[in-house]
Amino acid sequence: MEATIQTSQSKAQKITLRVLTVFMLMWMLAIGVTKLIGTQPDLVDTFTKMNMMGIMRLAGVLEILGGIGLMLPRFRTYAALGLLPMFIGAFAAHFASQTMLPMGPMSLFAAALTLCIIKLDGRLSIN
């Protein structure tokens, strides 16, 4: 595998990238702060059912930092690569604990958006 840096983007790609990064920032800030504070009963119940209360606040901090990182062009790809395993892990945790709906599919959706950001950012191309 070889990583290369690409710099040419169409105007539509740039706009799509901006929209996706702002959307993901808002989403990561909202869910990250909610996990950090722990005030949403449904979320706390889900983490309790999965026996993962110990990592709820850590996940919140990482989501906030990852969302902010997506907005910084220099760190966007790294932030996305950091968030990707969290989303895949969240899907696996929801699947294993039988708490799939609605957050299991949302985790996969977030992973798909993150992959789109990596592709549109164009800084990393794996051949």
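Each reported figure results from applying straightforward, stated rules to the coordinates on display, with no laboratory input. Quick caveat, the model's predicted, so the values are computed rather than measured. All Cβ positions, glycine included, derive from the backbone under ideal geometry; neighbour counts span all protein chains shown.
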Could you tell me whether L101 is over 20 Å from T16 (Cβ atoms), more than 9 Å from the chain's Cα centre (by Cα) and either surrounded by 17 or more Cβ atoms within 10 Å (Cβ to Cβ) or of a type outside the set (S, T, Y) (or both)? yes
Would you check if there is a residue in segment 24-38 being surrounded by fewer than 16 Cβ atoms within 10 Å (Cβ to Cβ), more than 22 Å from G122 (Cα to Cα) and polar (S, T, N, Q)? no
Working only within segment 101-121, note down all residues that are free of Cβ contacts under 8 Å to residues at least 40 places away in the same chain and of a type outside the set (S, T, Y). L101, P102, G104, P105, M106, L108, F109, A111, A112, L115, K119
Inspect segment 64-86 for any residue being surrounded by 16 or more Cβ atoms within 10 Å (Cβ to Cβ), farther than 24 Å from T16 by Cα and either touching a Ser or Thr at 6+ places or on another chain (Cβ under 7 Å) or of a type in the set (A, V, I, L, M) (or both) and give the result as yes or no. no
So I55 ticks every box in (1) surrounded by fewer than 15 Cβ atoms within 10 Å (Cβ to Cβ); (2) among the β-branched types (V, I, T); (3) within 23 Å of F23 (Cα to Cα) but one. Which box is left unticked? (3)
